[in-house]
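Please read the structure below before turning to the comments.
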Amino acid sequence: MFKQFLVFTFFFAHIILFGQSSDLDQKLKAQQEQEKLEKESENKKDTLTTDYYKIYYLDGRVESIDTSLNIYKDYKFNFLRQDSFELLEMPNIGGSYNKLGYTFNKRIDYPKLGATGKHFHYYELEDVGYYEVPTPFTEIFAKSTLEQGQILDAVISINLSKEFNFTLAHKGYKSLGKYVNTRSRGNQFRFSTNFNSKNKKSKFKFHITSQNIFNQESGGLNPDGIYFFEQATNYFVLDYFGNQIENEDGSFKMIEYDGYLDRSRLPSWLLAESSLYSKRVFADFDRSLFYNKNKSSSILSLGLQFKHEYKKLEYNDPYTSALFGEVNEGILVSDQSRYILQKSVIYLASDLDKFGKLKIDYSLINSSNTYKDYDGNLSDLIFNLDNQQSNFSSEWIKDFKFFTIELNINKSLKQEMISNFTSVTFTTDKIKNVSIKLNALKLEKSPNLNHVFFRSAYKDYNWYNSNLENQISSSLSTELSYKELIKISGEYSLIDNYIFFRESTNALNGEIDNFRKVDVNQISSQINYLKIKLFSKVDFGKFSFINTGQYQRKDQDIDLEGLSTLNVPEWITRNTIMFSTNIFNNSLFLQTGFTFNYFTKFYADYYNPLLSEFVTQNYKEIGNYPRVDFFFNAKIQQTRVFVKVEHLNSSISGYDYYSDPFNPYRDLSVRFGLVWNFFQ
């Protein structure tokens, strides 16, 4: 039924689109005349540009449709459609991402569910855009994946009137991957509406999302798989007793064999499956109580918000691998959890020139997290955790002559599942070609739900940690930029009671070669985390040099039984050399060049598919390998074409590149795609 609905809405959207395009000239002319009357400007443009096509987000961001081609578009032409400088891709498209850096300056209003490895490309509330377009607008994003499959993300936004827009969007993807048991697929549907009344006193935003994220889980390569991956194309010859054979010159005998460059031959741990299925409904209605017609702004408005979100997480292993330990007798591994979050908000917002903008809201939050109980075979355990919370929050923004100040406060009224924060932001762009942003944040939040509560068929993966302390973080961050030539950003954070997943097997006796067991840990010592990021862009004629470098330092007091956590590489660098030119009478714009990526060695977390989380370990480092990409991009009118040879040097630099201690990074691959915009 849902697929039929998608087909119907797709064709319905196109019928409206073509119906509107038939009298496009008359519509544009009428809209332009109306805008002239409203703004009483004799010099108003008589043509539409992409600046008229706006996207609004709940966090206050406003974006215009940008059809240009530059290096930033190349950095964002990936599965996430965002710059992934601090992320390290797992072997297959649609999988998870390992972190090369962290940030602690983000505000949250309620503790998260967890399963963070499944949420990198999940559309959160703030990721859904509300379009405002003068004419129908379409965007198509398409890109090839690894082996079999493709990615297609299509957006259609239609204006039924100047006041009412609605948007249909669907992202579908499938990728077989080069390694065995790593296939991924997914469907992410979004529907949003944006309404502003003619008298500008009422505003309404609404969206629905339906997301299905599926992954085969291999658990990474087993010891034999790691051996053959690292030794390809040469590996040691062993005798009948498993010992290396020594040559007369003292070296060990090796054999040349490139069969394991076919990565599907490398053995892994699991043949399991995991999935995240979600539906969300959100509505925001705002009504002006007192309106200033002279300034076209609301003096005081009343608003209501409602969100209902449902998530279903599943992990199925029909072969019951022993990788995660013992399974309760007579149970086939089929872990399931259900999470429901419902949030209702009432708010008042005022806009007074002398006193700034003030918004005060009160929210009621109900959440429920339920696990499968395997027909009572897991005795003496609870399987449901409910919570109710109330939040009081306020936001104040004041524009002064030379700067702007924003103050945000959130206070939870109950003691469980809290999120208390105070944030102050200072911004200015009054200095010519220079912009400055400073932020200070103090946050106290309860642990994620899967830190507190988890149930599984595996005996070692059952816990209820009711005694965990709230994590407290204090963060100072800054951004300083000069034109597009240079940008410096930094963050210094102090974290107390840091909570993380810890590998509990013993690496010294080889237990880690056969098992992955996890404990929830919380450290009492304070962590000091510093990162400084520098971006620069220098043009020499048609050549450009774009450099991004990040320095990180983490200090933590560790006792004899402690574990170093929040591990990050000391340096991350990305350097691009690019050539750009127009040809064919400026009808075709080309960009081509090389991008070099590098990060220093560090104890990277590894991905645990049973938890859909990354786990801290201190026994194996990854990193210190270069990655070189070649790209060739072109723009014809509103179409941008991207061709990239990823990890060009994979067969030259040696087979020691990893995404985590058990999963190799991607080999050389050629991928291509496009972004195509239509303005009707």
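The values are calculated or read from the model by the stated rules, or taken from the named source; none is laboratory data. This is a predicted model, so every value here is computed, not measured. Virtual Cβ from ideal backbone geometry, glycine too; neighbours counted across all protein chains shown. Each accessible area value is taken on the protein alone, full model and side chains, heavy atoms only, with ligands, DNA and RNA left out. Shrake-Rupley method; radii C 1.70, N 1.55, O 1.52, S 1.80 Å.
State all residues of segment 446-497 that are in a loop (DSSP other than H, G, I, E, B) and under 25 Å from F545 (Cα atoms); if no residue qualifies, say none.
In the first step, residues of segment 446-497 are kept if they are in a loop (DSSP other than H, G, I, E, B); the result is 446-448, 455-457, 459-462, 465-470, 483-485, 497.
Selection gives K483, E484, L485.
Looking only at segment 94-106, decide whether some residue is farther than 30 Å from L385 by Cβ, hydrophobic (A, V, I, L, M, F, W, C) and touching a residue at least 40 places away in the same chain (Cβ under 8 Å). Yes.
For Y319, are the conditions met, namely being in a loop (DSSP other than H, G, I, E, B) and either open to solvent by 20 Å² or more (accessible area, probe 1.4 Å) or among the small types (G, A, S) (or both)? Yes, satisfied. Screening Q637 against (1) at negative phi; (2) more than 24 Å from the chain's Cα centre (by Cα); (3) not acidic (D, E) leaves a single unmet condition, (1). Residues that are under 30 Å from K620 (Cβ atoms) and open to solvent by less than 30 Å² (accessible area, probe 1.4 Å) number at least 1 in the following strands (runs of 3 or more DSSP E) confined to segment 127-244: 164-175, 184-196, 202-217. Taking the conditions (1) touching a Pro at 6+ places or on another chain (Cβ under 9 Å); (2) touching a residue at least 40 places away in the same chain (Cβ under 8 Å); (3) surrounded by fewer than 17 Cβ atoms within 10 Å (Cβ to Cβ) in turn, K601 satisfies each one other than (2).
Only residues that are of a type outside the set (F, W, Y) and closer than 21 Å to T135 by Cβ: list them for segment 171-196, please. Lay out the reasoning, then the answer.
Step one: of segment 171-196, the residues of a type outside the set (F, W, Y) are 171-172, 174-178, 180-188, 190, 192-194, 196.
Passing the criteria: R190, S192, T193, N194, N196.
Taking segment 112-126 as the range and being open to solvent by 30 Å² or more (accessible area, probe 1.4 Å) and either in a strand (DSSP E or B) or aromatic (F, W, Y) (or both) as the test, the residues that pass are F120, Y123.
When segment 535-563 is filtered for residues that are closer than 29 Å to Y72 by Cα, open to solvent by less than 80 Å² (accessible area, probe 1.4 Å) and hydrophobic (A, V, I, L, M, F, W, C), the ones remaining, listed by number, are F535, V538, F545, I546. Every residue in segment 542-580 that is of a type in the set (S, T, N, Q) and in a strand (DSSP E or B), please. Residues satisfying the conditions are S544, N547, T548, Q550, Q552, Q556, T573, N575, T576, S580.
Going through L381, L348 one at a time, which residue ends up being outside any strand (DSSP E or B) and either in contact (Cβ under 8 Å) with a residue 40 or more places away in the chain or touching a helix residue (DSSP H, G or I) at 6+ places or on another chain (Cβ under 7 Å) (or both)?
On the way: L348 fails: outside any strand (DSSP E or B).
The unique qualifying residue is L381.
Between F594, F543, the distinction of being among the aromatic types (F, W, Y) and over 30 Å from the mean Cα position of the chain (by Cα) belongs to F543 only. Considering segment 453-500, the residues that are among the basic types (K, R) and in contact with a strand residue (DSSP E or B) (Cβ under 6 Å, 6 or more places away or on another chain) include one that is farthest from G330 (Cα to Cα), namely K487. Residues of segment 621-660 that are open to solvent by 50 Å² or more (accessible area, probe 1.4 Å), part of a loop (DSSP other than H, G, I, E, B) and not small (G, A, S): E621, N624, P626, Q637, Q638, L648, I652, D656. Could you go through segment 233-252 and let me know if any residue there is touching a Phe, Trp or Tyr at 6+ places or on another chain (Cβ under 6 Å), among the aromatic types (F, W, Y) and at pLDDT below 95. Taking every residue of segment 233-252 in turn, at least one turns out to be touching a Phe, Trp or Tyr at 6+ places or on another chain (Cβ under 6 Å), among the aromatic types (F, W, Y) and at pLDDT below 95. At least 1 residues being at pLDDT 50 or above and open to solvent by 50 Å² or more (accessible area, probe 1.4 Å) is the threshold, and among the helices (runs of 4 or more DSSP H) wholly inside segment 1-111 those reaching it are 24-39, 71-76.
Can you find even one residue in segment 598-610 that is among the aliphatic types (A, V, I, L, M) and within 26 Å of the chain's Cα centre (by Cα)? Yes, segment 598-610 contains a residue that is among the aliphatic types (A, V, I, L, M) and within 26 Å of the chain's Cα centre (by Cα).
In segment 589-598, which residues are open to solvent by less than 30 Å² (accessible area, probe 1.4 Å) and under 30 Å from R502 (Cα atoms)?
Keep residues of segment 589-598 that are open to solvent by less than 30 Å² (accessible area, probe 1.4 Å), which gives 591, 593, 595, 597.
Scanning segment 589-598 gives a single hit, N597.
Restricting attention to segment 523-575, the residues being free of Cβ contacts under 8 Å to residues at least 24 places away in the same chain and closer than 20 Å to F104 by Cα number 1.
Return the only residue of L300, L332 being open to solvent by 60 Å² or more (accessible area, probe 1.4 Å), farther than 28 Å from Y123 by Cβ and touching a residue at least 24 places away in the same chain (Cβ under 8 Å). Talk me through it step by step, then tell me what you get.
Values: L300 fails: open to solvent by 60 Å² or more (accessible area, probe 1.4 Å).
Residue meeting the stated conditions: L332.
Is it the case, given these coordinates, that E491 is open to solvent by less than 20 Å² (accessible area, probe 1.4 Å) and in contact with a Lys or Arg (Cβ under 8 Å, 6 or more places away or on another chain)? Answer is yes for this residue. In summary, F632 fulfils each of the numbered conditions (1) without any contact (Cβ under 8 Å) to a residue 40 or more places away in the chain; (2) over 25 Å from G117 (Cα atoms) with the single exception of condition (1). Say whether the condition of being part of a loop (DSSP other than H, G, I, E, B) and either touching a residue at least 60 places away in the same chain (Cβ under 8 Å) or surrounded by fewer than 14 Cβ atoms within 10 Å (Cβ to Cβ) (or both) is met by at least one residue in segment 273-283. Checked segment 273-283: no residue is part of a loop (DSSP other than H, G, I, E, B) and either touching a residue at least 60 places away in the same chain (Cβ under 8 Å) or surrounded by fewer than 14 Cβ atoms within 10 Å (Cβ to Cβ) (or both).
Quick one: which residue in S466, S473, S525, S504 is hydroxyl-bearing (S, T, Y) and touching a Gly at 6+ places or on another chain (Cβ under 9 Å)?
Working: S466 fails: touching a Gly at 6+ places or on another chain (Cβ under 9 Å); S473 fails: touching a Gly at 6+ places or on another chain (Cβ under 9 Å); S504 fails: touching a Gly at 6+ places or on another chain (Cβ under 9 Å).
After ruling out the rest, the residue left standing is S525.
The criterion of being touching a helix residue (DSSP H, G or I) at 6+ places or on another chain (Cβ under 9 Å), under 22 Å from Q388 (Cβ atoms) and modelled with pLDDT of 90 or more holds for S337.
What number of residues in segment 576-598 are aromatic (F, W, Y) and in contact (Cβ under 8 Å) with a residue 60 or more places away in the chain?
Summing the residues that are aromatic (F, W, Y) and in contact (Cβ under 8 Å) with a residue 60 or more places away in the chain in segment 576-598 gives 1.
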